[in-house]
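The values are calculated or read from the model by the stated rules, or taken from the named source; none is laboratory data. These numbers were taken from a predicted model, which means no experiment stands behind them. Cβ: placed from backbone, ideal geometry, glycine included. Neighbour counts: every protein chain shown. Please note that ligands, DNA and RNA were not included when accessible areas were found on the heavy atoms of the full protein model with its side chains. Shrake-Rupley method; radii C 1.70, N 1.55, O 1.52, S 1.80 Å.
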Amino acid sequence: MEEMEEDALERIEDENHNCGAEGVRVSSPAQVCVDSDCSSDTCESDSSASSALLFSSTSKFFLNAMTAEEYRTVYWPKLERAIEHLLTQSPMEHISISYEQIYSHVYKCVCQQHSELLYNDLMWKITSHLEQVSSELQASPPEDLIENFNLALTQYTAALHCIVPVFIYMNKFYIETKLNRDLRDDLMKLFSDHVAEKHVSTLLPLLKKAHSMPFQVKPSTMASVVKGLYALRPDWVPLAPALFSRFIPQIDAPALESQLPYYAAQDKTLQMELSENGFSRGDQSRKRASEES
């Protein structure tokens, strides 16, 4: 009970601070007497007024308390619908959502001690969505998997740009404080665990094949997928070091002077492969075309 009263006091002080209130202050009778030259009658009067204010504010706080049932039936359904819209809209599509209302609901749930419930429900909702995304990618033909994976990753990261800010209050006062983590990191890990990890063994051979055949896949798509995989799990680089090094700078070991002959042989092999595949080096002479006449 004492803890609840302390919470009520903190809430009153926060509300006064947020509203810029200057004349309302919860003080003890002793503080009132020390702060002003007053008679005992005045002190008693101020003490009674202060106690009445505290009792009224505390009672109001308890009356407005959100029960777990109210959270489950009133607040979470509204938040769940908003999250669903954000997760399923395309990057170029705009869905009318009241971000202020979402933030307000999150704020109230956290203030009413439902942070853990809210966090677990958010993780469950997004995990369910990502499992559906993974199933759809599993059904994709191999020739479409790179493009579809890129679309799924792009859509998800765009959704996080909206979801993380409106849950910032939960992130600050629950995830960072009690779990010592960050909401965005947790949500990106969900994509890594439930989508990327399930398809990386298929994606990497397709990416290596596509990279060896120019323009089979758009360069921007290739770069987006490879950089996305690296951002999710840098430890995937050893699975395809040559591929990642094409798009991620400075992930290869520094060049060594003792390895120069090896680099030269590698370059010569590449030139031969390009020549065999129809890429001509052209005329290597110094004579200009205009000088032939």
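Structure notes:
- Number of positions in the stretch 85-118 that are acidic (Asp, Glu), within 21 Å of Tyr156 (Cα to Cα) and either touching an Asp or Glu at 6+ places or on another chain (Cβ under 8 Å) or at pLDDT 95 or above (or both): 0
- Residue selected from the stretch 215-254 under the condition open to solvent by 80 Å² or more (accessible area, probe 1.4 Å) and assigned to a loop (DSSP other than H, G, I, E, B), by the criterion farthest from Asp193 (Cα to Cα): Pro254
- Just one of the listed residues (Asn150, Asn171, Asn120) is out of contact with any Pro (no Cβ under 6 Å at 6 or more places or on another chain) and closer than 30 Å to Pro205 by Cβ, and it is Asn150.
- Note on the stretch 141-160: residues that are out of contact with any Leu (no Cβ under 7 Å at 6 or more places or on another chain), open to solvent by 40 Å² or more (accessible area, probe 1.4 Å) and of a type outside the set (A, V, I, L, M, F, W, C) total 6.
- Residue within the stretch 261-270 that is modelled with pLDDT of 90 or more, more than 30 Å from Gln113 (Cβ to Cβ) and among the charged types (D, E, K, R) present: no
- Ala196 vs. criteria crowded, with 19+ Cβ neighbours inside 10 Å, free of Cβ contacts under 8 Å to residues at least 60 places away in the same chain and part of a helix (DSSP H, G or I): yes
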